[in-house]
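Visitor: Pasting a structure here, questions to come.
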Amino acid sequence: MISWLFEKMKQPKPHHPRRWGDMPTGGPKHQFREALMLKLLQTALPQGRILDAGAGDGTLTRKLAALGYSVLALDASVDCLALLARTLEAFPYRERVELKQGTLPNSGLADAAFDGIVAGEVIEHFQDDQALVQEFHRLLKPAGVCVVSVPAESKKWDLNDDWAGHCRLYNADELKQLFETSGFQAQIIHYWGWPLGYLFHRLFYLPWLRRHHHLEGEARASSVSTRIGVHPWVSQGLAQVFRLDNLFNRLPFGIGLVGCFRKK
């Protein structure tokens, strides 16, 4: 599989439309959400073998490997995995990462193969989210940990949900029930993105999306607002500002939820 992906790398690189404020390459919401997930995982599972379910182009995969975890990056998209393979060429912890093309819940992976699973903004894309969480349970070792993020019902359905192909939004009780009925015990669930993340989403990201969602390729990527939004300094700076929202994560408001669940 790896050699095939590296052959894919040698072909002309596919263009991936860029989304301001929610970019795998470093949008501030994305960066802040991944930091929350990593904190939950490190607290519950300091080391081990991790499945990054729906890895995309691997921003979370690389952060996990840099922290010392062994990671299997699973994604349905061949193009995303090829992009990740290119990125890994210069990555100092390349030996800690495996790549696999496949889908859940029919990945063909062995039972009890992982100490932990991370799934960032994945579950909401599945019509049968219960089957997906049951697959997470099968793939985890006894007492294994699953850390997830999902969009929150409190932000209300908007254009981004239509554009991203979401099937649903969640509240904390729904997310807890989804996992507990599949054999997990909830360790922690909290909202994120209130009030600063919410204001960013409503006042900046959604207006950008309304102007650009119909554009493709270079037309979107070359936009001034797109280039500003994905600039590393802008993204990192805003992600740091969003940390102030942690003061309010016990409130039932925000643009998303993060949760940590342990297999019973």
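Visitor: Under the definition of Cα pairs under 8 Å and six or more residues apart, what whole-number percent is the relative contact order of the stretch 20-263?
Guide: Over the stretch 20-263, the number comes to 27 percent.
Visitor: A follow-up question, please. Give, as a single signed number, the net charge of other residues whose beta carbon lies under 12 Å from the beta carbon of Val97, with Lys and Arg counted +1 and Asp and Glu -1.
Guide: +2
Visitor: Continuing with this model, one more query. How do 241-253, 83-95 rank on mean C-beta neighbours within 10 Å, highest first?
Guide: Averaged packing, sorted descending, gives the order 83-95, 241-253.
Visitor: Alpha carbon centre of the stretch 86-113 versus the stretch 178-198: separation in Å?
Guide: A separation of 25 Å, based on Cα centres.
Laboratory data are not the source of any read-out in this text; all were calculated from the coordinates shown. Since the structure is predicted, the reported quantities are computational estimates derived from the model, not experimental observations. Cβ atoms come from the backbone with ideal geometry, glycine included; neighbour counts cover every protein chain shown.
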